[in-house]
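The values are calculated or read from the model by the stated rules, or taken from the named source; none is laboratory data. The structure presented is a predicted model; accordingly, all values stated were derived computationally and were not measured. For neighbour counting, all protein chains shown are included, and Cβ atoms are generated from backbone atoms with ideal geometry for every residue, glycine included. Note: areas computed on protein heavy atoms with side chains; ligands, DNA, RNA excluded. Shrake-Rupley method; radii C 1.70, N 1.55, O 1.52, S 1.80 Å.
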Amino acid sequence: MYAMQYEITLPSDYDMGIIRERVRSNGPALDDFAGLGLKAYLIRERGTDESPVNEYAPFYLWASIDGMNRFLWGGGGFGGIRRDFGRPAVRHWTGIACTPGPAATARPRTATRHTEQLPADADPEAVVADALAGLADRAASAGVHSTALALDPQRWELLHFTLWTDPEPDALGTRYQVLHVSAPDFPEIAVGKRW
């Protein structure tokens with residue numbers, strides 16, 4: 001599993017209805033995309049959920065690197081983003097685990113993404129073990145569709161990503177609205193830890 005996200009910050013007066021229509025029209029195109037575990041079409045709206053910005057920020061969990069490569073530079077869809085918004089930086093993390101929650105069959109309405117830097121003297125094995133225990137607790141929470149954990153070993157940044165039907169009010173991280181979810185290979189990635 002491989003996690004990926006790009007964030008397109010839009011003008012403060014941008015009509016987010018344009019993004020909603022874009023997702024409504026184009027989102028289902030990836031519903032059968034081979035190698036895609038899950039794509040959450042995410043937005044933030046200025047003034048909603050304490051967001052200071054308007055932003056389109058799709059989040060991906062890839063079941064295969066081949067699928068990710070086909071999407072990014074094999075004509076699989078990223079060309080439309082480049083054409084319409086320019087080429088955004090694509091953040092990526094190596095997948096550690098993905099677990100479905102009790103609401104895995106329901107439509108997620110919100111998502112949270114929380115990142116944390118590992119201290120320079122931290123043992124990555126111990127940090128990941130603790131994070132996996134927290135992931136199991138989060139996955140058991142009411143309203144969780146699914147939750148994932150990943151790590152960027154260049155920056156030693158740990159990523160916690162959760163899709164919710166109804167989020168916990170105290171859930172850490174950046175909060176997004178979910179417009180659509182494509183999950184053709186979700187069963188392949190929702191298997192707990194990846195080793």
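Quick notes
- Selection count where residues are closer than 21 Å to residue 22 by Cα and of a type in the set (D, E, K, R), scope region 165-194: 1
- Applying the set (1) buried (at least 19 other Cβ atoms within 10 Å of the Cβ); (2) over 22 Å from residue 27 (Cβ atoms) to residue 176 leaves exactly one unmet item: (2).
- Evaluation of residue 39 against (1) touching a His at 6+ places or on another chain (Cβ under 9 Å); (2) closer than 25 Å to residue 137 by Cβ (one fails), failing number: (2)
- Of 137, 166, all but one fail to be under 27 Å from residue 26 (Cα atoms), acidic (Asp, Glu) and either open to solvent by 40 Å² or more (accessible area, probe 1.4 Å) or in contact with a Lys or Arg (Cβ under 7 Å, 6 or more places away or on another chain) (or both); the exception is 166.
- Region 67-79, residues that are at negative phi and exposed (fewer than 12 other Cβ atoms within 10 Å of the Cβ): 73
One line per residue, one yes/no per condition, for (1) within 23 Å of residue 131 (Cβ to Cβ); (2) surrounded by 13 or more Cβ atoms within 10 Å (Cβ to Cβ); (3) of a type in the set (A, V, I, L, M):
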site	(1), (2), (3)
35	no, yes, no
44	no, yes, no
64	no, yes, no
81	no, yes, yes
100	yes, yes, no
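- Any hit, region 17-30, residues being in a loop (DSSP other than H, G, I, E, B), free of Cβ contacts under 8 Å to residues at least 60 places away in the same chain and surrounded by fewer than 12 Cβ atoms within 10 Å (Cβ to Cβ): no
- If you go through region 33-72 and keep only what is assigned to a loop (DSSP other than H, G, I, E, B), in contact with a strand residue (DSSP E or B) (Cβ under 8 Å, 6 or more places away or on another chain) and not small (Gly, Ala, Ser), you end up with 33, 45, 46, 48, 49, 50, 53, 58.
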